[in-house]
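In what follows, a single structure is set out as C-alpha cells and then discussed.
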Amino acid sequence: MATVELRFSALPEHVRTARLVAAAVARRAGVDEAVLDEVRLAVGEACSRAVGLHESHGITAPVRVVLVEDEKTFSIEVGDEVPGSGGAGAGGEAEGVGENDAEGEDEMGLAVISGLVDDVEVSAGENGGRIRMSWPAHPAPVLP
C-alpha cells in the first residue's frame, strides 16, 4: 500500500496543485484513464470546499489530502480543521455571507462530489471534517 500525503495552505491557488497530484497518483495506481477527469474534478471540489471552510472560519491550519494506492482501490481523503464541517448544516457563518448562502455552497459542492464518485463518505467531528472518495484501480503488472 503506497501513500502520498499533501498539505497545503488554505489558499484557492493551491487547489490546482492538489488536482494535478491526485491525477498523477491515480494514473500510477491504475485508475482507468476515462475516470481521471472525475478524480480531478472531485478532488478540486473537495479541496475548494476545505479551503472555503478554512477561510470562512479564520483557520490557518493547512488542508490535508491523503492519497492511498491499495491493491484494487485508489482512495483520496480531503480533510479540513473546521469542527463539525462534515455536511449540510455545519455550524458557523462566514463574515459577510449569510448562513443559508454558506450552507447552500457547501451542499452544492457535496452534491457535485456525490455525482462524480460512486464511493464517497463524508464525516465530521471535533477535529474537522473528512471527505473520503475511492475508485477501482488496476495496477499494471510489474515486469521482470
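General remarks:
- Length added when fully stretched, E5-A24, from 0.36 nm per residue minus Cα-Cα: 5.5 nm
- Low-density loop cleavage sites - GluC sites (Glu not before Pro) in segment 22-74, where at most 14 other Cβ are within 10 Å (DSSP): E71
- Taking label points 7 Å from Cα along the Cα-to-Cβ direction, R16 and D70 give a separation of 3.4 nm.
- For D37, neighbours were defined as the other residues whose beta-carbon sits under 14 Å from its Cβ, and their charges (Lys and Arg +1, Asp and Glu -1) total -1.
Each reported figure results from applying straightforward, stated rules to the coordinates on display, with no laboratory input. None of the values given here were measured: they were computed from a predicted structure. We place every Cβ from the backbone using ideal geometry, glycine too, and count neighbours over all the protein chains shown.
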